[in-house]
Amino acid sequence: MLYINYKKLWIILYVSIISCGSTATINNKQKHIPIEANAQTASIYANTIVPSNLKEHLYTIASDEFKGRATGKEGQKKAANYLKDFYSQNNIRHPKQMDDYFQIIPSKNLGSKYQDSENVLAFIEGTEIPEEIIIVSAHYDHLGTKDVDIYNGADDNGSGSTALMAIAKAFQKAKNDGNGAKRSILILHVTAEEIGLLGSKYYVEHPIFPLKNTVVNLNIDMIGRVDDIHENNSNYIYLIGSDKLSTELHQISEAVNSKFTSINLDYTYNSKDDPNQYYYRSDHYNFAKNNIPIIFYFNGTHQDYHKPSDTPDKINYNLLAKRTQLVFYTAWELANREQKVLVD
């Protein structure tokens, strides 16, 4: 999760008003939206997302070996190769427009003190409408090291990184079984989030697929912990931005959760008056600025946010799995509906 300078926030807000329009009001009594995708089939593949697999990968990504995954540094490169090897070993291909899983970001796009870095992309081609793309994203970089401290970033955003791996594997298994999604799924691990959302910025400026073909961006940034507000009821997730560009997207999101996961969807941080302004602080915002509907999934901050103490032993893996399933079910529905969501 990007730290923001609030003295500059008024500039961001002004730009957002011009780019995205006004904020829609959440109304939980909106008209019923039917689930169009095969619910039984969706559940088969959602149930492949289990805590043990998430834990195995997160303990690696957030290990001391990866040295906090700072943009352009050795640890970030190790994490990129770990992701690449995972997709290759599971026969999940990169987009055919690319020679590899890496979208290289030159140092000139990151700032003079940074070396080249890379987004990591994996792709499951759709069976009926392959040109329409559902992007599921999460940043995998973090803060690196400071003196003797390693900022492992287990929740921020090792949790999102491992969620993407599990979602990709579920979609690929569905395709292998002859149940592939109608639309294509692009798994986008972005770098350089912590230094200004620069990995996602680079992608939208150099898209592998035309932005006009991108149906939606589901972005995950910190979904493995519980904040103080919910310590007595951990069955929640903050949703941000679902109604900003598409009323239908918000309604589908609500319907999917009601049908499959029954997580308490908390819209506190979706308010245009919320002082944290999280809508502008993770990678989905670069898609929203290009009129692409988004949902941002977030567990809120906690006492270990941006500290060396954000370690994998503090992750709630059962909750991480359930939240990951929610994102998978939402992506599944969006990928299999007859019509893509309307931008209104």
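Quick note: the coordinates plus some simple rules give every number you see, no bench work behind them. On a predicted model such as this, the values are computed, not experimentally measured, just so you know. Here Cβ is always computed from backbone atoms with ideal geometry, including for glycine, and neighbour counts include all displayed protein chains.
Points to keep in mind about this one:
- Test for ILE252: is it within 19 Å of the chain's Cα centre (by Cα), surrounded by fewer than 22 Cβ atoms within 10 Å (Cβ to Cβ) and farther than 29 Å from ILE195 by Cα: no
- Residues in the range 281-290 that are surrounded by 19 or more Cβ atoms within 10 Å (Cβ to Cβ) and in contact with a helix residue (DSSP H, G or I) (Cβ under 7 Å, 6 or more places away or on another chain): ASP283, TYR285, ASN286, PHE287, ALA288.
- When residues in the range 257-274 are screened for being surrounded by fewer than 18 Cβ atoms within 10 Å (Cβ to Cβ) and free of Cβ contacts under 8 Å to residues at least 60 places away in the same chain, 6 of them pass.
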